[in-house]
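The values are calculated or read from the model by the stated rules, or taken from the named source; none is laboratory data. Since the structure is predicted, the reported quantities are computational estimates derived from the model, not experimental observations. Cβ placement follows ideal geometry from the backbone for every residue including glycine, while neighbour counts extend to all protein chains displayed.
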Amino acid sequence: MTYLRKEVIGRATLYLGDAREIVPTLGLVSDIMMDPPYEAIMHESKSGMKGLVRPDGSHHWKPLDFDPIDAIRDEVVSWGAQCEGWFIAFCTSEGVARWADAINASPMKYKRACVWIKPDSTPQMNGQGPAQGAEHFVCAWAGKGHARWNAGGKRGVYTHLVNGPERTGAHPTEKPRRLMSELVADFTQPGATILDPFMGSGTTGVAAVMAGRSFIGIDLNPTYFALACKRIEDAQRQYGLFEGVAA
Ligand SMILES: C[S@@+](CC[C@H](N)C(=O)[O-])C[C@H]1O[C@@H](n2cnc3c(N)ncnc32)[C@H](O)[C@@H]1O
């Protein structure tokens, strides 16, 4: 068996286990939308945030209990062969060129790096240089023919608070739900199945089911897996009957 646990919650199928073993067994999905582990440099810099507390009482610094992406990036890019639409991966600014190089060496069509602007990101507390105010995601078209999305000529710039009212604070790198909902609305089609192989606390899954999409999520950490199950179950109970109304 390739996974430790499998939960089917309405339109969502969630796996506890290693994505590297599970993804190759899944067959085709519509889109891959993921927030994978960061580059090693970011994992190291997180230790400089010790002691800082967020507005919700959680800590900016928690040791990241998963390995950086560097060693497995090419393998992750190869999953694009199982994708019929968009391949989207969050990364640091420093990671954009590394993702672009890996994607350009694959059959996918690299489109560009988009930016998530964080108006409330952590200041540079030592005052020795500018603070990090944004994060990126690279997008590539893995499907046949021309790339298609729902947002016309919109720029790839997304502005969302890190510490918005919906933040649970239970995962050290939790993405804002509203950011993920905007991406789901822009990049995916009704009826799509979205795969997030590194789902953490399940934010992509919450956004997916709120928009009436199907979702497959994977995480190897049992605590984050349980959190994702709960959040997606709650979202489905709340929004499951009303496809596509959530923003
Ligand atoms: C950057 S976090 C994702 C956070 C998520 N976007 C959220 O909003 O909570 C990356 C996640 O990937 C998981 N992970 C790391 N390596 C993995 C692997 N090989 N297979 C499955 N999950 C993995 C980690 O446990 C972590 O929760």
_Test: Val157 is surrounded by 15 or more Cβ atoms within 10 Å (Cβ to Cβ), among the aliphatic types (A, V, I, L, M) and either closer than 25 Å to Thr193 by Cα or at pLDDT 95 or above (or both)_ = no
*Val184 versus (1) at pLDDT 95 or above; (2) surrounded by fewer than 18 Cβ atoms within 10 Å (Cβ to Cβ); (3) among the aliphatic types (A, V, I, L, M): which is the lone unmet condition?*
(2)
*asked:* Going through Thr204, Thr173, Thr168 one at a time, which residue ends up being surrounded by 21 or more Cβ atoms within 10 Å (Cβ to Cβ) and in contact (Cβ under 8 Å) with a residue 40 or more places away in the chain?
replied: Thr204
*Just for the stretch 148-192: of the residues that are of a type in the set (S, T, N, Q) and more than 26 Å from Asn221 (Cα to Cα), which one is nearest to the chain's Cα centre (by Cα)?*
Thr188
*asked:* Pull out all pairs, ordered by first then second residue, where Cβ-Cβ is under 9 Å, the residues are six or more apart or on different chains, the first lies in the stretch 96-110 and is at pLDDT below 95, and the second is among the polar types (S, T, N, Q) and part of a strand (DSSP E or B).
replied: none
*Taking the stretch 66-75, which residues are modelled with pLDDT of 95 or more and near the ligand (Cβ under 9 Å from one of its atoms)?*
none
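Here is a yes/no grid of residues against (1) more than 22 Å from Pro24 (Cα to Cα); (2) surrounded by fewer than 22 Cβ atoms within 10 Å (Cβ to Cβ); (3) more than 16 Å from the ligand (Cβ to nearest atom); (4) in contact (Cβ under 8 Å) with a residue 60 or more places away in the chain:
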| residue | (1), (2), (3), (4) |
| --- | --- |
| Leu195 | no, no, no, yes |
| Gly217 | no, no, no, yes |
| Pro222 | no, yes, no, yes |
| Ala226 | yes, yes, no, no |
| Lys230 | yes, yes, no, no |
| Ala235 | yes, no, no, no |
*If you scan the stretch 1-39, which residues turn out to be surrounded by 15 or more Cβ atoms within 10 Å (Cβ to Cβ) and among the small types (Gly, Ala, Ser)?*
Ala12, Gly17, Ala19, Ser30
